[in-house]
Amino acid sequence: MNVPLDLFPDTTRVTLANTLAIGGCDLVDLATRFGTPLYVYDAATVVARAGAYREALKAAYPARSTVCYAGKAYLAPWLLRLIAPEGLGLDVVSGGELHVAIAAKFPRERIYFHGNNKGEDELNAAVELGIGRIVVDNLDEIALLGRIAARGARQQVLLRLGPGVDVHTHSHLATGMPDTKFGLDIQSGAAEAGVRAILAQPALELRGFHAHIGSQITELRPYREAIDRVFAFAAAMREKTGFTMTEMSPGGGFAVRYSPDDPKLDPLVMVRDVAASIVAAAKKHALELPEITIEPGRSIVAPAGVAVYRVGSVKKGSRTYVAVDGGMADNIRPTAYGATYTAALASRVDDGGLTDVAIAGKYCETGDILIQKVSLPLPRIGDVIAVPVAGAYQLAMSSNYNMAPRPAVVVVADADATLVRAREKYDDLIDRA
């Protein structure tokens, strides 16, 4: 097989018919049954990743801890019903995500509401629903939330900090730098002003601090630096204001492999190091161990999802373009971030010699190239192509560009495929036009 199986969901197998199967379901059969483009999620992989995070954090950190799934990576009721029994919390960033969580009956006390510009309607809903924490971002939000919470029960909050840490990732994914739209900067004094503003609000209970520094992070150094700066700030606030931090979150951002060329990563190693760094920082700054939350999203769902396309044409020239029936409308990441992927020929996995091809989308943009170069058995019209590590930030960022209907979503488990989202119809597009 031209792609390592470890890039695909845990249950992936090559069948006797030389096709690719996930969760006991043949991808070629699924493509025929549900049409393409099609997104296939493996339930077993989601549960395994969630459980592994929970157990790794529990083993590594001696105080109370919670794994919060970052819903912006991909959110759907079926997914929340899978992870809720695993004891995970949920990080939401909009009223829409909160609405989905409530509809799925996700435990409200385990919901954390993030975002740099929450609307009054969103904050009203969060307070009325009694969610666990609101992560406040700025002084205006503190004042608004204080007024809203004064009408009901006292609201627990975390303050998002800007620790000023450089992260080696795409510039669009870095959130902990001094120049960022997220949080209040420690160095400038804005964060201290935020602490004092919250403490002055009788209806708000400050629990501690949040410092998510970015996404697709492959190194430990930024986490260690950010954690130390947060604890130094917490110690200073205890000295200046009497406030003692009882909860802290370093966020998430743990990277995943998208192609065989990416370095092998173990996010659980990063979890253990983050936990050790928090213990060390608490000791260094003479603070009690706080309750902590980590927020993986991509690394839970990305490996569980596969995008399935059908080949429509093969064009040979300066290079060979294989055009499929999806592209930037269902996966904008290669265009937006230069993200790299790989692929397998799901209908003929091991079928002779390999040829370098580019996988092109069908949309009216020169930049609509899903994969610039991948070695496959030369595809033919009608072949089925599978792109692994497709479970995060693809459907979540999908669109109806060129008036394309959004694809169907199927969840597989124990040789059974469940349609959890039907393919949009053209009439659906008229309602949105």
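The values are calculated or read from the model by the stated rules, or taken from the named source; none is laboratory data. The structure displayed is predicted, hence computed values, not measured ones. So basically every Cβ, Gly included, is an ideal-geometry build from the backbone, and we count neighbours across all protein chains shown.
Number of residues in segment 97-131 that are more than 16 Å from the chain's Cα centre (by Cα) and either within 20 Å of Gly146 (Cβ to Cβ) or outside any helix (DSSP H, G or I) (or both) equals 20. Scoring Ala336 on the criteria (1) in contact (Cβ under 8 Å) with a residue 24 or more places away in the chain; (2) over 27 Å from Leu27 (Cβ atoms); (3) in a helix (DSSP H, G or I) leaves a single failure, condition (2).
Against the test of being modelled with pLDDT of 95 or more, more than 23 Å from the chain's Cα centre (by Cα) and assigned to a helix (DSSP H, G or I), the options Val301, Val279, Val311, Val322 yield a single qualifying residue, Val279.
Under the condition of being within 17 Å of Arg207 (Cα to Cα) and either in contact with a strand residue (DSSP E or B) (Cβ under 6 Å, 6 or more places away or on another chain) or surrounded by fewer than 20 Cβ atoms within 10 Å (Cβ to Cβ) (or both), the residues counted in segment 127-142 number 11. Which is within 21 Å of Arg33 (Cβ to Cβ), in contact with a strand residue (DSSP E or B) (Cβ under 9 Å, 6 or more places away or on another chain) and in contact (Cβ under 8 Å) with a residue 40 or more places away in the chain, of Leu370, Leu419, Leu354, Leu376? Answer to the selection: Leu419. Within segment 357-403, restricting attention to residues that are over 11 Å from Ala343 (Cβ atoms) and of a type in the set (Val, Ile, Thr), the residue that is surrounded by the fewest Cβ atoms within 10 Å (Cβ to Cβ) is Thr366. Just checking, does segment 214-231 include any residue being under 15 Å from Ala281 (Cα atoms), in contact with a Phe, Trp or Tyr (Cβ under 7 Å, 6 or more places away or on another chain) and small (Gly, Ala, Ser)? No, segment 214-231 contains no residue that is under 15 Å from Ala281 (Cα atoms), in contact with a Phe, Trp or Tyr (Cβ under 7 Å, 6 or more places away or on another chain) and small (Gly, Ala, Ser). Would you confirm whether or not segment 149-164 contains a residue that is of a type in the set (A, V, I, L, M), at pLDDT 95 or above, out of contact with any Gly (no Cβ under 6 Å at 6 or more places or on another chain) and surrounded by fewer than 17 Cβ atoms within 10 Å (Cβ to Cβ)? Yes, because at least one residue in segment 149-164 is of a type in the set (A, V, I, L, M), at pLDDT 95 or above, out of contact with any Gly (no Cβ under 6 Å at 6 or more places or on another chain) and surrounded by fewer than 17 Cβ atoms within 10 Å (Cβ to Cβ).
You will find that of Val92, Val100, Val167, Val67, the residue that is within 26 Å of Val256 (Cβ to Cβ), modelled with pLDDT under 95 and either out of contact with any Lys or Arg (no Cβ under 9 Å at 6 or more places or on another chain) or not assigned by TED's automatic domain parsing to the domain that holds Ala336 (or both) is Val167 and no other. Is one or more of the residues making up segment 95-115 surrounded by fewer than 16 Cβ atoms within 10 Å (Cβ to Cβ), under 29 Å from Arg333 (Cα atoms) and touching a residue at least 40 places away in the same chain (Cβ under 8 Å)? There is no residue in segment 95-115 that is surrounded by fewer than 16 Cβ atoms within 10 Å (Cβ to Cβ), under 29 Å from Arg333 (Cα atoms) and touching a residue at least 40 places away in the same chain (Cβ under 8 Å). Just a yes or no: is a residue in segment 212-234 farther than 26 Å from Val67 by Cβ and in the same structural domain as Leu123 (by TED's automatic domain parsing)? No, segment 212-234 contains no residue that is farther than 26 Å from Val67 by Cβ and in the same structural domain as Leu123 (by TED's automatic domain parsing).
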